[in-house]
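Bear in mind that the values in this text are calculations on the coordinates, not laboratory data. This is a predicted model, so every value here is computed, not measured. When we count neighbours, we look across all protein chains shown, and the Cβ atoms used for this are built from the backbone with ideal geometry, even at glycine.
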Amino acid sequence: MEGRLDIDRRTGIVTGAGTGIGRALAVELGRREGDLLLVGRRIEPLEETADLVRSAGGRAEVLAADLTDAGAIDRVADAARARGPVDLLVNNAGNVRAGRLEDLPEQDVLAMIALNLTAPILLSRALLPSLKESAAERGSVLLAISSGIALTGLPFYTVYAATKAGIAHFGEALRREVHGTGVHVATAFPGATDTDMMTSSTAGEDLGFGRRPVPDVVTEILAGLSAGEHEINTAAATRRRMQDLNKTDPLAVDALLAPRLESFEAAVRTHRSI
Ligand SMILES: NC(=O)c1ccc[n+]([C@@H]2O[C@H](COP(=O)([O-])OP(=O)(O)OC[C@H]3O[C@@H](n4cnc5c(N)ncnc54)[C@H](OP(=O)(O)O)[C@@H]3O)[C@@H](O)[C@H]2O)c1
């Protein structure tokens with residue numbers, strides 16, 4: 001924990017900004033007079049977010065890009081730098097495919113790794129020199145949206161869990177690497193949140209997937225960031241208890257989940273946002 005971090009008037013990128021957590025983060029950063037490059041594959045939702053950012057008092061430009069395409073990272077980084085000094089990068093875009101490991105199509109496995117892990121690592125790598133350059137006065141912000149699943153690996157989410165734990169550990173290592181540069185590396189760990197990503201899952205409160213509203217989650221992420229936190233956990237209370245138990249007695253979590261494996265698998269078998 002450090003001192004407070006000023007998140008007003010930030011200039012930079014929000015990926016996956018057309019919907020869900022990314023859109024709400026963009027609008028809230030806009031309310032704080034942010035100047036944002038909004039990135040995602042579909043232009044229409046990005047334009048809608050841009051309008052919301054402008055109505056909230058910020059500035060916004062959109063860039064349609066599939067972050068897993070060859071050359072996309074450089075294109076996005078170049079576009080951000082062309083707008084002026086960059087002191088914000090929010091790596092939010094993500095996808096999910098649940099299911100028994102041996103049933104997951106290879107294409108979906110690779111798509112999760114490409115978007116949730118490779119893309120944010122490469123975009124951070126591309127923009128780190130700019131973030132360092134802009135950090136002199138009040139620091140720069142590099143925020144990744146991981147997941148509570150990074151803290152408690154859940155069955156039928158093996159690959160998603162690997163990507164989210166990977167990006168969280170990337171953040172921890174990078175935070176230590178950039179110590180003293182003024183780049184604030186933070187990772188958010190949302191629990192189940194009511195977004196498009198979750199519409200194909202039928203797992204509910206009974207299975208620990210009670211969904212929190214997006215505004216509550218985003219308010220907590222930005223409050224944590226402003227407070228200077230590096231790890232921001234927005235999990236619901238029941239999931240938080242499981243995360244605590246996972247640290248002290250991981251096999252007790254196995255035992256807790258075992259009797260519900262079948263119903264859990266049935267509820268998440270169709271969960272896919274790729
Ligand atoms: N909802 C939850 O319960 C939950 C919990 C923990 C963590 N998270 C994480 O929160 C982040 C945001 O997810 P969300 O819940 O807000 O879901 P969402 O509404 O599905 O947002 C994902 C965003 O990523 C963009 N995207 C997808 N594939 C892309 C690609 N190849 N290139 C560029 N952009 C791409 C999507 O826009 P396009 O389709 O237009 O590209 C979309 O706007 C993700 O990293 C997710 O893993 C969500």
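Structure above, values below:
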{"read-out": "HN-Hα J in Hz across the range 129-139 - Karplus 6.51, -1.76, 1.60, θ = phi - 60°, x for Gly and Pro", "value": "x, 5, 5, 5, 4, 8, 7, 3, 6, 9, x"}
{"read-out": "Contour excess over end-to-end distance, with Cα ends at Arg240 and Asp74 and 0.36 nm allotted per residue", "value": "56.0 nm"}
{"read-out": "Fewest-first sequence of Leu89, Leu127 by Cβ atoms within 10 Å of each Cβ", "value": "Leu127, Leu89"}
{"read-out": "The range 242-248 - phi-based ³J(HN,Hα) in whole Hz, Karplus 6.51/-1.76/1.60, Gly and Pro as x", "value": "5, 5, 5, 5, 5, 6, 8"}
{"read-out": "Translational diffusion of the chain, µm² s⁻¹ [Kirkwood Rh, Cα pairs; Stokes-Einstein; 4 °C; 1.567 mPa s]", "value": "69"}
{"read-out": "Highest-fluctuation residue, Glu220, Glu61, Glu262 considered, GNM on the chain with Cα pairs under 10 Å", "value": "Glu262"}
{"read-out": "Charge tally in the Cβ shell below 14 Å around Ala98, where Lys, Arg are +1 and Asp, Glu are -1, Ala98 excluded", "value": "+1"}
{"read-out": "Theoretical gain in end-to-end length, Glu137 to Arg54 [0.36 nm per residue, Cα-Cα removed]", "value": "27.3 nm"}
{"read-out": "In nm, spacing of pseudo-spin labels at Arg269 and Leu256 (7 Å Cα→C-beta vector)", "value": "2.6"}
{"read-out": "From phi via Karplus (6.51, -1.76, 1.60), per-residue ³J(HN,Hα) for the range 35-42 in Hz, x at Gly/Pro", "value": "10, 10, 9, 9, 10, x, 7, 8"}
{"read-out": "DSSP bridge pairs, the chain: antiparallel proportion in percent, nearest 5", "value": "5"}
{"read-out": "Farthest positive-ward along the chain dipole, Cα basis, beta-carbon charges - from Gly57, Gly171, Pro215", "value": "Gly57"}
{"read-out": "Kirkwood hydrodynamic radius over Cα pairs of the range 142-196, then Stokes diffusion coefficient at 20 °C and 1.002 mPa s, in µm²/s", "value": "180"}
{"read-out": "The range 1-159: projected area of the alpha-carbon convex hull, averaged over directions, in nm²", "value": "9.8"}
{"read-out": "Taking the chain and dividing mean pair separation by its residue count, relative contact order in percent (alpha carbons under 8 Å, at least six apart)", "value": "20"}
{"read-out": "Candidates Ser226, Ser200, Ser263: whichever shows maximal mean-square fluctuation once the chain is modelled as a Gaussian network with Cα springs under 10 Å", "value": "Ser263"}
{"read-out": "Separation in nanometres of the label points that stand 7 Å from Cα toward Cβ, at Glu172 and Arg83", "value": "3.2"}
{"read-out": "Mean residue ellipticity (222 nm) of the chain, computed from DSSP H runs ≥ 4 via -39,500 (n - 2.57), nearest 500", "value": "-13500 deg cm²/dmol"}
